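Undergrad: Here it is: the structure, laid out below.
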Amino acid sequence: MKKRIIVAAVISVLAVCAARADDARALYEKQCAKCHGMDGKGQTKMGAKLGAKDYSDPKVQDELKDDAAFKAIKEGLKKDDKTLMKPAEGIADDQIKGLVAFMRAFKK
């Protein structure tokens, strides 16, 4: 009986994690892909214009810290008074963390 409860708990946790990953992917597609691309390389028309980084590059991934990525998504990103990325509106902190985790999966 105890084994079944543990197995059921593990399955529940995995299902929640999978659902969150799907949510992060859908949110990324809606909010981020037009600049960063579905592959995270930033090789879109808008990404090239704004200088989006290639998040499939391990060096880029290693240089970017999760808290900095979280802050950029939440507060937006500006350079020399030019808005490079608008702040996330209507996106909860947990969803932003999911986006950061999703972005980390681009690393080769």
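The values are calculated or read from the model by the stated rules, or taken from the named source; none is laboratory data. It should be emphasised that the depicted structure is a prediction, and the values quoted were computed from it without experimental measurement. Methodologically, a virtual Cβ is constructed for each residue, glycine included, from the backbone with ideal geometry; neighbour enumeration extends over all protein chains shown.
Undergrad: Out of the residues in segment 70-85 that are at pLDDT 95 or above and among the charged types (D, E, K, R), state the one that is nearest to residue 28 (Cα to Cα).
TA: 74
Undergrad: Note down all Cβ pairs under 9 Å where the first residue falls in segment 83-108 and is touching a residue at least 40 places away in the same chain (Cβ under 8 Å), the second is β-branched (Val, Ile, Thr) and surrounded by fewer than 19 Cβ atoms within 10 Å (Cβ to Cβ), and they're at least six residues apart or on different chains.
TA: Going by the 9 Å Cβ cut-off, the qualifying pairs are 99/91; 107/60.
Undergrad: Of 62, 67, which residue is part of a helix (DSSP H, G or I), modelled with pLDDT of 95 or more and more than 14 Å from the chain's Cα centre (by Cα)?
TA: Details: 67 fails: more than 14 Å from the chain's Cα centre (by Cα).
When all the criteria are applied, what remains is 62.
Undergrad: Residues that are more than 25 Å from residue 94 (Cβ to Cβ) and either surrounded by fewer than 18 Cβ atoms within 10 Å (Cβ to Cβ) or modelled with pLDDT under 95 (or both): does segment 26-42 have at least one?
TA: Yes, because at least one residue in segment 26-42 is more than 25 Å from residue 94 (Cβ to Cβ) and either surrounded by fewer than 18 Cβ atoms within 10 Å (Cβ to Cβ) or modelled with pLDDT under 95 (or both).
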